Amino acid sequence: MNKNILTFVLGFISGSAATVIFAKKYYEKVANDEIEQVKETYARKAEIEEAGKIDEDLKAVDKVIKEHQYNTVTDEEPKETAEDKKGPYVIQPEQFCDCDYTPMTLWYWTDGEVTNDDKKIVANVDELIGDVDEVTSYFGEYENDPDTVYVRNDIQRIDYEILKEYRAFSDLNSDEEYDE
C-alpha cells in the first residue's frame, strides 16, 4: 500500500508542477498581450491628440490665408509686363552680332530723328532701342568707333548698330542723294 500511496503522491506532484508551469506561461502570455493592447491604445490616443493639434494648426493657417487673401486662385496666365522682359540695352562693340540676333543699322541725326538705312523715320524708337537720350549719351565712349553705339533688343532678337549723322534730318532734301 505504501507503493500505491507513493505513486499517487508522485503523480499528484508531477501533475501539479506541470499545471503550475503551464498556468505560469499561459498567464504571462495573457499579461503581455494586455500590456501590448494598453500600449497600442495609448499610442493611438497620443496620435489622435497630435492630429487634433495639427487640425488646430491647420485651422490657424487657414484663417491667416483667408485674412490675407492668399487663397485667391486665377486660371488666367499673368500678363507679361515691361519689367518681366528686359528692354533694349547698350552693348559693347565686341558683343554686336555675337549671337543669333538679326543685325540692323539705324541713323541718329543731330535734330534727334532716328532713321533706317532707307532714310525713313523710325516711329517706335523707344520700343526698338530704348530711351534715345540715354543711348546717344554713349556716342564717343568707344575709341575705335566713337560715332557708333550698339543696342541689343532681347524681345525682338535684334542687335542695332546706331550710327551718328552730323547733319539734321530736316536739312536733307528728299531729292538730294545721300552720300555715306
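What follows draws every value from the coordinates through simple rules; no lab data is involved. If you're wondering where the values come from, they're calculated on a predicted model, not measured in any experiment. Here the Cβ positions follow ideal geometry from the backbone for every residue, glycine too, while neighbour counts run over all protein chains shown.
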5 angstrom amide H check on Val122, placed H, neighbours 5+ away
Val114, Thr115, Asn116
Top mean-square fluctuation among Ala23, Ala168, Ala46, Gaussian network model of the chain, C-alpha springs under 10 Å?
Ala23
Any idea what the dipole of region 1-73 comes to, in debye rounded to 20, about its Cα centre with Lys/Arg Cβ at +1 and Asp/Glu Cβ at -1?
640
I'd like to know which of Pro103, Val125, Ser16 lies farthest towards the positive end of the charge dipole of the chain, counting +1 on Cβ of Lys and Arg and -1 on Cβ of Asp and Glu.
Ser16
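Only Lys, Arg, Asp and Glu count, each charged at its Cβ (+1, +1, -1, -1), so figure out the dipole size of region 89-170 about its Cα centre, rounded to 20 debye.
Working: 6 positive and 20 negative charges, 56 e Å.
The dipole of region 89-170 has a size of about 280 debye.
Subtract the Cα-Cα distance of Glu50 and Phe8 from 0.36 nm times their separation in residues, and report this length gain in nm to one decimal. Numbers along the way, then the final one.
Numbers: separation 42, 0.36 × 42 = 15.12 nm, distance 6.22 nm.
So the extension gain works out to 8.9 nm.
For Lys25 and Lys164, calculate 0.36 nm times their separation in residues minus their Cα-Cα distance, and state this gained length in nm to one decimal.
Details: separation 139, 0.36 × 139 = 50.04 nm, distance 10.54 nm.
Once the chain is fully extended between Lys25 and Lys164, it gains 39.5 nm.
List the relative contact order of region 89-170 as a percent without decimals, with contacts defined as Cα pairs under 8 Å and 6+ residues apart.
Working: 137 pairs, mean separation 35.0, N = 82.
Averaging sequence separation for qualifying contacts and normalising by length gives 43 percent for region 89-170.
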Once normalised by the length of the chain, the mean sequence separation of its alpha carbon contacts under 8 Å that are 6 or more apart gives a contact order in percent of 21
FRET efficiency estimate (nearest 0.05) - Cβ-Cβ, Lys119 to Asp98, R0 41 angstrom:
0.90
Just going by the charge dipole of region 1-73, with Lys and Arg at +1 and Asp and Glu at -1 on Cβ, which of Ile48, Ile5, Val61 is farthest out on the positive end?
Ile5
Listed residues Val20, Val64, Val151; largest mean-square fluctuation, Gaussian network over the chain with Cα springs below 10 Å, found at Val20
Taking Cα atoms only, helix 2-67 is inclined relative to the longest principal axis of the chain by an angle, in degrees rounded to 10, of 20
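Under unit Cβ charges (Lys, Arg +1; Asp, Glu -1), what dipole magnitude, rounded to 20 debye, does the chain have relative to its Cα centre? Don't skip to the end; give the middle numbers.
Working: 20 positive and 45 negative charges, 803 e Å.
Charge dipole, the chain, about its Cα centre: 3860 debye, nearest 20.
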Top mean-square fluctuation among Ser170, Ser14, Ser137, Gaussian network model of the chain, C-alpha springs under 10 Å?
Ser14
